[in-house]
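What follows is a short report on a single structure.
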Amino acid sequence: MSAAQNPPTENQLKSTKNWYTSWFDTPYYHILYKDRNYREAQLFMDNLTHYLNLPEKAKVLDLACGKGRHSIYLNQLGFDVLGADLSENSIAEATKNTNETLHFKVHDMREPFEEKFDAIFNLFTSFGYFENDEDNLTTLRAVKESLSEYGFAVIDFMNVVQVIETLIPEETKTVEGIDFHIKRYLKDGHIYKEIDFEDKGQKFHFTEKVKALTLKDFEELMEEAGIYLLDIFGDYKLKKFHKTDSERLIMIFK
């Protein structure tokens, strides 16, 4: 049975002020992105944990974990994992997979954790959503505070230069019988994605908005946060970063 069988009302969807808290909490977000390449994601995590040479049973934080798919895989690799996300619905779903070394909690990434982690992963462009630009710096400081003395953090972000260069202005994706009409554009230093669709006689509209942070922007934020940027990669195979060609901007720091 599709999650869209019981669509939330528009009032429910509009009950929170930030687009990411309402959109990420709907079943439609997960329907639209259900075909993401998880094998590629697993390969990335294999490469990442190998590169970082994490000790067995290392404490890992998956920050902005969604429904916990990547937390589960990291746990299967032998790590003690906490998945954290602002979406209560996603965490409720993820918590079904809890075990002795895999836990989940609702958490705002702007707040540091009391416990310390050997590695903190913020994967698949789960950064730069905040209305207030100061919150990006606040988040980086919180990540730094949550690392153990010898811990490493990783932000995997889109390569903004390449994304803008190859932006598809309009397209329609049909998933589970729903036509998602998508528009993309750059405005006021943010990349926008307008998503319109209809289901069960109801019309829905959501806007994704992500700050178009370049490597230079991150470097400035990290310097202000007292963070040391150790390495930069351009894809999930951890190849060298090229400003115009790389698909990803993957930053390792402490």
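Here the simple spin-label model places points 7 Å from the Cα toward Cβ, and for residue 254 and residue 53 these points are separated by 1.1 nm. Annotation for region 75-116 versus region 134-160: alpha-carbon center distance of 17 Å.
Within 10 Å, count the other beta carbons around each residue, average over each peptide in 56-69, 176-189, and list them highest first. Numbers along the way, then the final one.
Details: 56-69: 22.0, 176-189: 13.3.
Most protected by this proxy first, the peptides run 56-69, 176-189.
Remark on residue 117: its backbone amide H falls under 5 Å from those of 147, 148, a criterion applied only to residues 5 or more positions apart or on other chains, H modelled at 1.01 Å from N. Magnitude of the charge dipole for the chain, about its Cα centre and with charges confined to Cβ atoms of Lys, Arg (+1) and Asp, Glu (-1), is about 400 debye.
The alpha carbon gyration tensor of region 97-164 gives principal lengths a ≥ b ≥ c with a/c of 1.5 or higher and a/b greater than b/c, which makes the shape prolate.
Relative to the current alpha-carbon distance between residue 115 and residue 186, full extension at 0.36 nm per residue lengthens the span by 21.7 nm. Computed on the Cα atoms alone, the convex hull of region 92-230 gives a volume of 153 cubic angstrom per residue. Taking the longest Cα principal axis of the chain as reference, the axis of helix 215-225 is set at about 60 degrees. Only Cα pairs under 8 Å and 6+ residues apart enter the sum, and on that basis the relative contact order of the chain stands at 17 percent.
Subtracting the Cα-Cα distance of residue 224 and residue 98 from 0.36 nm times their residue separation leaves 41.7 nm of extension gain.
The alpha-carbon of residue 96 sits under 19 angstrom from the alpha-carbons of these aspartates and glutamates, leaving out residues fewer than 8 places away in its chain: 25, 62, 80, 85, 88.
Please compute the Kirkwood hydrodynamic radius of region 158-236 from all pairs of different C-alpha atoms, in Å with one decimal. Walk me through the numbers before you get to the answer.
Values: mean 1/r = 0.0664 Å⁻¹.
One decimal place: 15.1 Å for the Kirkwood radius.
Here the Debye sum runs over all C-alpha atoms of region 43-127 as equal scatterers in vacuum, and log10 of I(q)/I(0) at q = 0.11, 0.14 Å⁻¹ comes out as -0.25, -0.41. Taking the DSSP beta bridges in the chain as the whole, what percent of them are antiparallel, to the nearest 5? Restricted to the chain, the bridges split so that about 65 percent are antiparallel. When the Cα positions of 164, 45, 23 are compared along the charge dipole of the chain, 45 comes out farthest toward the positive end, with charges on each C-beta of Lys, Arg, Asp and Glu. Counting only Cβ charges, +1 for Lys and Arg and -1 for Asp and Glu, the dipole size of region 129-243 around its Cα centre is about 360 debye. Across region 166-173, coupling constants 3J(HN,Hα) worked out from phi with the 6.51/-1.76/1.60 Karplus curve, θ = phi - 60°, read 10, 4, 8, x, 9, 7, 10, 10 Hz, and Gly and Pro carry x. Each residue of region 54-65 was assigned a 3J(HN,Hα) from its phi angle through the Karplus expression (A = 6.51, B = -1.76, C = 1.60, θ = phi - 60°), giving 5, x, 4, 6, 4, 8, 10, 9, 9, 8, 6, 7 Hz with x at Gly and Pro.
Values quoted throughout were computed directly from the atomic coordinates according to the rules given, and no laboratory measurement underlies them. Since we're looking at a predicted model, the values are computed, not measured. Methodologically, a virtual Cβ is constructed for each residue, glycine included, from the backbone with ideal geometry; neighbour enumeration extends over all protein chains shown.
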